[in-house]
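Here the structure comes first, spelled out in structure tokens, and everything after it is commentary.
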Amino acid sequence: MTSITVPFQLDFEEIGKDFLNKDAVSKINSRFAEHGAVLLRGFPLKTAEDFADVAAQLVTTPTDYMGGTIAREPIKGLVYNSSEFPPAITFPIHNEMGYTDNPPERILFFCLEKAEVGGQTPICDCRGVLKRLPNQLVDAIRTHGVRYIRRLPKESGSYLKGWSQAFKTEDTRIAEERCKAMNFNCTWEGDIMVITNTVEGIRRHPHTGEELWVNQISSYHSSRHEHSLRITPQEFLGDIVASVNSDKMEASPILRFIARTSSPLVIKLGNKILPLLLFFQKWYTPGNIHWNCTLGNGTPFTRKDIEAIWDAVIAETIVFNWQQGDVLFLDNFRFGHGRKPFRGKRKVLVSLGS
């Protein structure tokens, strides 16, 4: 994993106080088209309203979060809070709404309050990932696409939406209609909505035509917790133990037992205990997986496939540290993003669109 400041940084002094006028927005868009990832730093942005004004200039066609699975509340207009996963959890790299037919082209993040420790939003070069993957795996995804499977209860639990929140209705018929309008298939297991859909996992950029790795395999596959542990900094292993104890993470029964009975020892051992944690997560597949994915023809990804994907993603990931007031402007096709674990308060807002 590479650690650098940012791919491209635009400072307030370079743009000037009239940063929302036509010329300034044109300059920002020009850098965005060139680099695909631009950090606006030092701008006088202090509130959600300030961010909404910037987003309105850079996103001309906002994307609604209808059908989304992560618990995410609207703040102002189509400005949302970012994912509210437990702080100890590393959220894997993904392309926002990469499970849909038409993911947003642009995504903006605003750091309203940076964490005391950690909490970075790593980004990943999707061109580089594609180049690193085995030809056989790339050809299979080109041919079949990726099938996503989501199992949603009616009501939300912890950081995941229930179907009534995802589709903004408690009426099963209306939920089905809205689901099908997004080209999702749905069936029912009691009051659990099972959503499946198949989309391209390697896509052409809507403006350049370049072929890119655009999907959510690393964040949807049932092995995601195992691999998230793999990249979690040592200093947060104790936080993971606390997270397991709070029942907010899908964890193997054995791992949960170890965490609850031996927390001080686990924390003391630090990274020495990591192979054991990985071992138990590796062989754990919960019977009621909220998310999973396969090739579009239903063929499961092999362990070798998933490890190759994670190796490529890790190699192409860039990490920078937030400063309060920063805006990260990402091309959602050229760059994926994730979230590092953190301590203290953290507030990052997001806006999606084209």
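Within the stretch 292-335, the residues that satisfy the criterion of being open to solvent by 40 Å² or more (accessible area, probe 1.4 Å) and under 30 Å from E49 (Cα atoms) are N321, Q323, Q324.
Being at pLDDT 95 or above, charged (D, E, K, R) and surrounded by fewer than 15 Cβ atoms within 10 Å (Cβ to Cβ) holds for only one residue in R106, R204, and it is R204.
Pairs are defined by a Cβ separation below 7 Å, a sequence spacing of at least 6 or placement on different chains, a first member in the stretch 20-49 that is over 23 Å from T208 (Cβ atoms), and a second member that is loosely packed, with under 15 Cβ neighbours inside 10 Å and not charged (D, E, K, R); the pairs so defined are A24/G16; R41/Q323.
Scanning the stretch 209-227 for residues that are free of Cβ contacts under 8 Å to residues at least 60 places away in the same chain and not acidic (D, E) returns G209, H225.
Remark: pairs (first residue in the stretch 167-183, over 12 Å from M66 (Cα atoms) and part of a loop (DSSP other than H, G, I, E, B); second residue open to solvent by 50 Å² or more (accessible area, probe 1.4 Å) and modelled with pLDDT of 95 or more; Cβ separation under 8 Å; 6+ apart in sequence or on different chains) = N183/D101. Restricting attention to the stretch 145-162, the residues being more than 19 Å from A312 (Cβ to Cβ) and either assigned to a strand (DSSP E or B) or modelled with pLDDT of 95 or more (or both) number 8. Just one of the listed residues (Q120, Q165) is over 22 Å from V313 (Cα atoms) and either in contact with a Gly (Cβ under 8 Å, 6 or more places away or on another chain) or surrounded by 18 or more Cβ atoms within 10 Å (Cβ to Cβ) (or both), and it is Q165. A count restricted to the stretch 33-55 and to residues that are touching a Pro at 6+ places or on another chain (Cβ under 9 Å), farther than 18 Å from V79 by Cα and open to solvent by 10 Å² or more (accessible area, probe 1.4 Å) stands at 1.
Touching an Asp or Glu at 6+ places or on another chain (Cβ under 7 Å), at pLDDT 95 or above and open to solvent by 10 Å² or more (accessible area, probe 1.4 Å): is that true of D125 in this structure? Here the answer is yes, as D125 does meet what is asked. The residues of the stretch 74-86 that are more than 16 Å from I107 (Cα to Cα) and out of contact with any helix residue (DSSP H, G or I) (no Cβ under 7 Å at 6 or more places or on another chain), listed by number, are E84, F85. Total residues in the stretch 39-62 satisfying the condition of being assigned to a strand (DSSP E or B) and either of a type in the set (S, T, N, Q) or touching an Asp or Glu at 6+ places or on another chain (Cβ under 9 Å) (or both): the figure is 3.
The values are calculated or read from the model by the stated rules, or taken from the named source; none is laboratory data. As the structure is a prediction and not an experimental result, all values here were calculated from the model. Glycine gets a Cβ as well: all are built from the backbone with ideal geometry, and neighbour counts include every protein chain shown. Accessible surface areas use protein heavy atoms only, side chains included; no ligands, DNA or RNA. Shrake-Rupley method; radii C 1.70, N 1.55, O 1.52, S 1.80 Å.
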